[in-house]
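Below is one structure, written out as structure tokens; the observations come after it.
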Amino acid sequence: MDDRAFIVFSVGPVQSFISAARTLRDLWTGSFLLAWLTRKAMEPIYSKHGAAAFIEPDMICDPMSPQNLRKELRSPCLPNRFLAEVPANEAEALAQACRDAFDNAWQTIADNVRQALQTEIAKVKGDGAAEWESSVERLWNAQVDSFFDVRVSVVPRGAIPGDAVRSLLGERGESGGTWAHASAEDRLWTDQAELAARVHATHKVIRKVTRYSPTPDAQGMYPGKCSLLGTYEYLGPAELTKAAAFWQVLSGKNGVSIGGVRVRSGERLCAVSFVKRFAWPAYFVNELAVDPRKMRLEDLATVAAAEWLSHEPELSPQTVRDQHGVWSGEWLHWERPEQDEEEGACPPDVWKQIKKKRDNQGKAPAYYAVLMMDGDRMGKHLRAKPGREHPQSISKALMTFALNYAPKIVEDNHGVLVYCGGDDVLALLPTTKVISCARQLNEAFRTVLSQVVLRGQPGEIATVSAGIVVVHHKEDLRFALETARQAEKHAKNNGRDLVAIAVCRRSGEHTMALCPWPFLDIVQGWVSAFTPSRESPAGASDRWARHLYRELPVLKGLPVDAMKAEIRRQVDRAEESTRKLLSPDAPKKAGAKIVEQLEFFGGLWDQRSQSLAQSGAPPAGTGIRNGQLLENFLTLCQTASFLARRRDE
């Protein structure tokens, strides 16, 4: 249809904005802000043409609208981009309106945070208030206005003839199958939609030139860099001695506090970081009429111990807050109730409960897991069938997964869902639950796409790659997120449809192993065997795996049969309790069972290699057989043991 046009919208930077976080609250708020602002950008199109105008994402439920969020507050579930089809004669005006709506929404939130900060800082005793005012006047608007990179592309469908579109896109090997039986109109629509996506991608290749030029203070000095976003200067005094005193006051017990949200010790924040930190108490609490207590996000120590806390007798952080007005996951690792003056003393009755749980369950877990998942080759699947209906059905399936499956799965596994943009998931979980959660999310993703997109008919379903990283709760959250992102990338670079699991021990030893999805069932079985319980207080020993790992240089050079014989020997030498946990049905054949699992692991890699070879892709995991396969297998064994015990030995 020549009277229609595509609008493609995207905003960045995404990762640097979300990942600039020291706490789970910062991380979650960054994700929520991007989803909220993207929904605001959709409003000009949504209000005039409704949900049907959007191809990606599906907007029938409109979960991030203020009206729906007031009914049910949820984790962010909109991606940072959208594709819409509108009348061509309205497209340019609507595109500009989308950009303006985004900018206005961002400015409104920033203004509310600025006003709330002004009120609070006026109450703070100290000499830096005047210099704070001066820095805000000089830097606030410059930082807020220059941060986001909003790109909007308009591609009229009738502007380029069909032959020219196909010539621009080139040969893509899509002449058979559903393409052969599709109407010319549907084929043209899909080609034009892809052209719009490519035009927008080309637009994004041209990097934004940030118009940001900070103004010095009256003495010609510039403040240092923000501790979260190092591209901007922090606010307040520029002179180092004055700055140190000012920020110490701001982060002290009588410092800035808005709705219970504070500046942490050691932080020095720019305007953008301030908006992230205080957006909820300064703006969203009133805008969405939300009880601030519903926005309580636990610290990382509590995330690590979530399952441990749930065991009888349960110790609920929220109950402790209701009774004492405060909770800290750090208490779980203290030797005495007044260990840290800055953190505040643990109430006596809570301390008794913590000590009792330690006596019954052992020490609280000190490590947590970050889970990142991302759909593979989603662009290819969107083009699998020509016409508007197919990509819309995929969008519907992704939104169904994001709203009806991912939140419950993560919650049931004692985790926190940071965001789920359909094929893109980020969650923080206890280490004993991360494998189970990843398996369930993968199964739900494939099931929903099969039901909604294929509708029971044969066809190819999109796969998912995942990165899991296990880190200590005191580790910098930014490091954890970056390591999880690298693990996810490692899975994709090795052929996709894989899980990469990294363990970052505080001792400095870091390991990473690749695992096909079907093998996660066995890894979860190992986690269960290694996990201490009432029936087996120590859990299964992993001594056999550590012995084999130390022997790897020798084992790699052995024939396969000799390698398997050594595995059987080491496992069968383990304590009877370990063999029973590893092979409940036949403890005397525990060694043979581990060898069977190794053979299954190798078979999965063989299947992957054959599948990749048939598709013309380069083989993944070259040389994974024999020595490398055994190394990967044993690393997974030790990883499962670490996930179960959740602390350095």
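The values are calculated or read from the model by the stated rules, or taken from the named source; none is laboratory data. Bear in mind that the values here come from a model prediction, so they are computed numbers and not experimental data. No Cβ is skipped: glycine too gets one built from the backbone with ideal geometry, and neighbour counts run over all protein chains shown. Protein only, heavy atoms only, side chains kept; ligands, DNA and RNA dropped before computing areas. Shrake-Rupley method; radii C 1.70, N 1.55, O 1.52, S 1.80 Å.
List, in order, the whole-Hz ³J(HN,Hα) value for each residue of segment 385-402 obtained from phi through the Karplus relation with A = 6.51, B = -1.76, C = 1.60 and θ = phi - 60°; use x for Gly and Pro.
9, x, x, 6, 5, 5, x, 5, 5, 5, 4, 5, 5, 5, 5, 4, 4, 5
So what J values fall out for segment 267-280 if you push phi through Karplus, 6.51 cos²θ - 1.76 cosθ + 1.60 with θ = phi - 60°, rounded to Hz, Gly and Pro as x?
Computed from phi, the couplings for segment 267-280 are 8, 9, 10, 8, 4, 5, 5, 4, 4, 4, 5, 10, 4, 5 Hz.
Counting Lys +1, Arg +1, Asp -1, Glu -1, what net charge surrounds Glu576 among other residues with beta carbon under 15 Å of its beta carbon?
Summing Lys/Arg as +1 and Asp/Glu as -1 gives +3.
Pop the C-beta distance of Glu599 and His311 into the FRET formula with R0 = 45 Å and round what comes out to the nearest 0.05.
0.80
Return the unpartnered cysteines for the chain, using a Cβ-Cβ cut-off of under 4.7 Å.
Result for the chain is Cys61, Cys77, Cys98, Cys346, Cys420, Cys437, Cys504, Cys515, Cys637, no neighbouring Cys Cβ within the cutoff.
Which percent of Cα-Cα pairs in the chain sits in each 10 Å bin, short to long?
3, 14, 22, 24, 19, 13, 5, 1, 0
Can you list the residues, at least 5 places off or on another chain, whose amide H is less than 5 Å from the amide H of Ile55, using H built in the peptide plane?
Leu83, Ala84, Glu85
When ligands, DNA and RNA are left out and all protein chains stay put, how many square angstrom of accessible area per residue does the chain have with a 1.4 Å probe?
Per residue, the chain has 44 Å² of solvent-accessible surface.
Amide H of Gly422 versus every other amide H placed in the peptide plane: which residues, excluding those fewer than 5 positions away on the same chain, fall under 5 Å?
Under 5 Å from the amide H of Gly422 lie the amide H atoms of Ala402, each far enough along the sequence or on another chain.
Per the 1.4 Å probe, what fraction of the accessible area of segment 80-129, in percent, lies on carbon and sulfur atoms?
Of the solvent-accessible surface of segment 80-129, carbon and sulfur hold 45 percent.
For Ser541, what residues show an amide H to amide H distance below 5 Å, using hydrogens built from the backbone and excluding near sequence neighbours?
Excluding prolines and chain starts, which carry no amide H, the hits are Thr578.
FRET efficiency for Glu72 and Asp299, Cβ-Cβ distance as r, R0 = 35 Å, nearest 0.05?
So, using R0 = 35 Å, E works out to roughly 0.90.
In nm, to one decimal, how far is the Arg573 label point from the Leu169 one, both placed 7 Å along Cα→Cβ?
Between Arg573 and Leu169, the label points sit 6.2 nm apart.
Sticking to Cα atoms, compute the Rg of segment 1-88 to one decimal and its Dmax as the biggest Cα-Cα distance, whole number, in Å.
14.4, 50
Provide the gained length on full extension for the span Ser611 to Val209, in nm with one decimal, where the gain is 0.36 nm per separating residue minus the Cα-Cα distance.
140.3 nm
If you average the sequence gap of Cα pairs under 8 Å that are 6 or more apart and divide by the length of the chain, what percent do you get for the contact order?
The value is 13 percent.
Modelling each spin label as a point 7 Å along the Cα-to-Cβ direction, I'd like the Arg198/Thr447 distance in nm, to one decimal.
Label at Arg198, label at Thr447, 3.9 nm between them.
With a 1.4 Å probe and all protein chains left in place, how much of the accessible area of segment 179-311 comes from carbon and sulfur atoms, in whole percent?
Carbon and sulfur atoms account for 53 percent of the accessible area of segment 179-311.
Assuming R0 = 30 Å, what is the FRET efficiency of Lys352 and Phe479, from their Cβ-Cβ distance, to the nearest 0.05?
Step by step, r from the Cβ atoms, then E = 0.30.
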